[in-house]
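The values are calculated or read from the model by the stated rules, or taken from the named source; none is laboratory data. Since the structure is predicted, the reported quantities are computational estimates derived from the model, not experimental observations. Cβ atoms come from the backbone with ideal geometry, glycine included; neighbour counts cover every protein chain shown. With ligands, DNA and RNA removed, areas are computed over all heavy atoms of the protein, side chains included. Shrake-Rupley method; radii C 1.70, N 1.55, O 1.52, S 1.80 Å.
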Amino acid sequence: QRDIAINQNGLFDHHMISEHRLWSFPNYMNQSICYFDLNSCEIVKDRVIKKNDGNMSTRFSSGFADCYWSALYKTNKYLKFDLKQRKIQLYETSSEIHAAAICFDGKYLWISSADNSEIYKCTETGEVLERFDGKGEAGGETFARLYTTDQYMIALPRFGDFIFFIDKRTDNVKRFYLEDIDFNLKINANKASKFLKCLKYKNKLLFFGFGIDAFIIIDIDGMK
């Protein structure tokens, strides 16, 4: 309940735990990264990720192991912050991508486009290997979050009307339409992101909504 006295224009977009510390990463550049030490209960402003444009957003971030990944919104640049080594690296993709969401699965980097429903499969250092077209009809920012399991890359819709699956073993794709689950889950462009979180439990995937009062459970073996 302690006040960390941070500019509220830099609302925290992503949180992760590494080495007894709960890390909080802000939505905008030139804002402090903070962590809460779970042993001492101390809150520390660790550092500021500098960027000339203070309004540059890093939303739709993700974490893998002890590394934080975030795309510089609507650019082809992205950050990797190793929390153990306290080392920040800035990369650029080999193709001009206007990034929205980003996710690393331990081998490949996945980036969704802020312009359309495309998703890019890249190496860790930004070489674009493949492009997948979700064929969404909602325009830009179709996919707000990316999530990976051992088998699937999963794209969660911002204003799109389906959850998009890419089978990482075969590159086959599948669309899970929200209206097929419940008619009330149809797209509403006046609301915020449809789904912002996916969790895996045994052979189930749980999707938590934002802007709707619902969550979805999918059997990933049969996609039911």
(request) Would you check which residues across the range 180-224 are modelled with pLDDT of 75 or more and of a type in the set (Val, Ile, Thr) and list them? (result) Ile181, Ile216, Ile217, Ile218, Ile220
(request) Give the residues of the range 125-135 that are touching a Phe, Trp or Tyr at 6+ places or on another chain (Cβ under 7 Å) and either open to solvent by less than 30 Å² (accessible area, probe 1.4 Å) or without any contact (Cβ under 8 Å) to a residue 24 or more places away in the chain (or both), sorted by residue number. (result) Gly126, Arg131, Gly134
(request) Name the one entry in Thr170, Thr75 that is in a loop (DSSP other than H, G, I, E, B), free of Cβ contacts under 8 Å to residues at least 60 places away in the same chain and either buried (at least 16 other Cβ atoms within 10 Å of the Cβ) or in contact with a strand residue (DSSP E or B) (Cβ under 6 Å, 6 or more places away or on another chain) (or both). (result) Thr75
(request) Residue by residue through the range 136-152, note down the ones that are at positive phi and either more than 16 Å from the chain's Cα centre (by Cα) or open to solvent by less than 10 Å² (accessible area, probe 1.4 Å) (or both). (result) Gly139
(message) Suppose we filter Ser18, Ser32 for residues that are of a type in the set (Ser, Thr, Tyr), at negative phi and either surrounded by fewer than 18 Cβ atoms within 10 Å (Cβ to Cβ) or modelled with pLDDT of 85 or more (or both); which single one remains?
(response) Ser18
(request) Would you please name the residue that is nearest to Phe81 (Cα to Cα), looking only at residues in the range 119-170 that are of a type in the set (A, V, I, L, M) and touching a Leu at 6+ places or on another chain (Cβ under 9 Å)? (result) Leu146
(request) Scan the range 35-54 for residues that are in a loop (DSSP other than H, G, I, E, B), surrounded by 12 or more Cβ atoms within 10 Å (Cβ to Cβ) and modelled with pLDDT under 80 and jot them down. (result) Ile49, Lys51, Gly54
(request) Kindly provide the set of residues from the range 104-124 that are open to solvent by 30 Å² or more (accessible area, probe 1.4 Å), under 18 Å from Lys74 (Cα atoms) and out of contact with any Lys or Arg (no Cβ under 9 Å at 6 or more places or on another chain), ordered by number. (result) Asn116
(message) Leu129 - would you say it is in a strand (DSSP E or B) and either more than 27 Å from Ile17 (Cβ to Cβ) or modelled with pLDDT of 90 or more (or both)?
(response) yes
